[in-house]
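A short reminder: the numbers here are calculations on the coordinates, not readings from a lab. All values derive from a computational prediction rather than experimental measurement. Positions of Cβ are backbone-derived with ideal geometry, glycine not excepted, and every protein chain shown enters the neighbour counts.
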Amino acid sequence: MTAEQTSTQPEGLHQELLTYSYYRDAELRGSNLIYRLLRVLKDGESQVLLSEHLADETRHAWLWTERIRELGATPVPVTDGYQVRIGKRAGLPRHPVELLALTVIVEQRALKRYKEHMNREGTDERTLEVLRAVSRDEGWHIDWVRRKGRELAEAEGEPSRFDAALERFRVIDEAVWAELEEVERSWAEAN
Ligand SMILES: [Fe+2]
Ligand SMILES: [Fe+2]
């Protein structure tokens, strides 16, 4: 992110604004994964769960947007965030079992990151409030998507397909996360 791109934003907010913008971007792109699942998992139970899940993810994106607005800013465009980097390495899986596995991995990453942020010293009360609200939903998201992935793989006579996909995406997630930690360190240095 260059200084020009954020030049219309309030001074002194650089790192905070970037962090929330990246969170918002990950939530919006996560919504896109759920939207894709809505089109491939046609059974009634999945349709109900996915509708609620999609509503949660778009609300999460809104909560980060609101937090950014409270800072007197607008979201910074994010073109190299977590999901874009994952997509570059993993492609977009077509098979529903793999789409479900990828969803579990990105949800687990979000939860881990939000928890880590909650434990940071000096995090303000409003941000903690948002972090708690978004983390609250991730538990049921992970549980039902994982259950559905295993169920589907078994029903298709390939019981190990889901866990194999989880493993593959986990390796990719870790590589992407290491890159993003590097990016964050560069923000801290620029501050
Ligand atoms: Fe979320
Ligand atoms: Fe989620």
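Details
- Rounded tilt (10° steps) of 14-40 against the dominant C-alpha axis of the chain: 20 degrees
- Exposure here means at most 10 other Cβ atoms within 10 Å; with GluC sites (Glu not before Pro) in a DSSP loop as sites, the longest stretch of the chain lacking them is 12-120.
- Selection from Leu71, Val134, Val84 lying farthest towards where the dipole of the chain points positive, charges on Cβ: Val84
- Partners for Lys115 among aspartates and glutamates (Cα-Cα distance below 13 Å; same-chain residues under 8 apart left out): Glu107, Glu129, Asp137, Glu138
- Residue order, fewest to most beta carbons within 10 Å, for Val48, Val84, Val145, Val134: Val48, Val84, Val134, Val145
- Relative contact order of the range 10-190, defined on C-alpha pairs under 8 angstrom at six or more residues apart (%): 27 percent
- C-alpha center-to-center spacing [the range 109-164, the range 28-91] in angstrom: 13 Å
- Helix 125-155 vs. the chain, principal-axis angle (Cα, 0 to 90°, nearest 10): 20 degrees
- Think of the range 43-191 as a dipole: +1 on every Lys or Arg Cβ, -1 on every Asp or Glu Cβ, centred on the Cα centre; then among Trp177, Trp144, Gly44, Trp177 lies furthest on the positive end.
- About its Cα centre, the chain has a charge dipole of approximately 500 debye under the convention of +1 per Lys or Arg Cβ and -1 per Asp or Glu Cβ, with nothing else charged.
- Helix 96-118 axis, angle to the chain major axis (alpha carbon atoms, nearest 10°): 30 degrees
- GNM flexibility winner over the chain from Arg67, Arg89, Arg120 (Cα, springs under 10 Å): Arg120
- For the chain, a Gaussian network of Cα nodes joined below 10 Å ranks Tyr20, Tyr82, Tyr35 by mean-square fluctuation, and the top entry is Tyr35.
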